[in-house]
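Below is one structure, written out as structure tokens; comments come after it.
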Amino acid sequence: MPRKASTFKKTAAEDEAASISRPTKTAAEPKLGGPDDLARLALKACLIARDAAFNVRDLLTNNSRMAFLAIKDCEKELDLIERQIDERLPEAITRVNEARARQLLSSLKSTTDLERIGDLVMSVAMRVQARTSKMHASDVRQLVEMSAVLREMLDLVHRGFSTLDLECARMVLQMDKEIDRVCHGLFQKHLAETVEPGETTGFDVLLMAQALERAGDHTTNLAEDLYSLIEGRSLRHAPKKKAAN
């Protein structure tokens, strides 16, 4: 599982490291293949995506190189987990009953969305790193707000899949509105501005906001999959307002 750095700080470098969440590196990964192993791996992926979102705040506010590297580690780990589950699920699903098969299929769909979330958060990180000028404080604040909501949504998804708690799915569907609200506010603000030739700050902000908003959409997919796993019926084609209720 992702590691939280110790809060005990000695130096400036250690102080920065304490705000970073990275995927745990183990000396030797156990051989995977059983249904329980794959389900646990999907839960681990959820925590890794959550930590990627967590590190966006430090990256945006401090342009932290360590935060960028942590997000990059998370993205790579999510790619690996999706590949592992994709390769091992066909064999595992032949050895379980219908209920467990449904759980395994949910794990596969979840890791696909989580891998995409990792890609989107990484795109934000790369855009921040590529900038040579500072963004406006209000833009940074709103992007941080979006990333904080995304992190909380992913935390709820992890809790929901761990305990099969339907309330977690409902909360995630409601919270997605907050990400949409901030994103739309940024678009309204920057599209109404007069931009000087060669100025790309507003464009970069909008692309970052769009990436975080899409990551929120993938997280709602996870909430819908959780609902389907618990209730045995899908919300995917239900009206959004009805699904949120």
Residue-wise, which Karplus ³J(HN,Hα) couplings in Hz belong to segment 45-51, taking 6.51 cos²θ - 1.76 cosθ + 1.60, θ = phi - 60°, and x for glycine or proline? 4, 5, 5, 5, 4, 4, 5
HN-Hα J in Hz across segment 138-151 - Karplus 6.51, -1.76, 1.60, θ = phi - 60°, x for Gly and Pro: 5, 5, 4, 4, 6, 5, 4, 4, 4, 5, 5, 5, 4, 4
Assuming 0.36 nm per residue, please report the length gained on full extension of the stretch THR163 to LEU207 beyond their Cα-Cα distance. 12.3 nm
Each label point is 7 Å from the Cα along the Cα-to-Cβ direction; what then is the distance between the points at ALA130 and HIS184, in nm? 2.9 nm
A 21 angstrom limit on the alpha carbon distance is what I want to check against. Which of LYS44/LYS76; LYS76/LYS134; LYS44/LYS109 exceed it? LYS76/LYS134
Using a cut-off of 12 Å between beta-carbons, work out the net charge of the residues near GLN129 (Lys and Arg +1, Asp and Glu -1, GLN129 not included). +3
Can you compute 3J(HN,Hα) from phi for each residue in segment 153-163, using the Karplus curve 6.51 cos²θ - 1.76 cosθ + 1.60 with θ = phi - 60°, rounded to whole Hz and x for Gly and Pro? 4, 5, 5, 5, 4, 4, 5, x, 6, 6, 10
Once GLN174 and ARG40 are pulled to full extension, the length gained, defined as 0.36 nm per residue separation minus their Cα-Cα distance, is 45.6 nm
Kindly rank 60-67, 208-215, 172-179 from highest to lowest mean number of other beta carbons found within 10 Å of each residue. 208-215, 172-179, 60-67
Going 7 Å from the Cα of GLU145 toward and past its Cβ, which residues in segment 152-181 have a backbone nitrogen under 15 Å from where you end up? 175-181
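Computed from the coordinates by the stated procedures, all read-outs in this text should not be read as laboratory data. Owing to the predicted nature of the structure, the values given are computational and were not obtained by experimental measurement. Ideal geometry is used to build each Cβ from the backbone, glycine not excepted, and the neighbour counts take in all protein chains shown.
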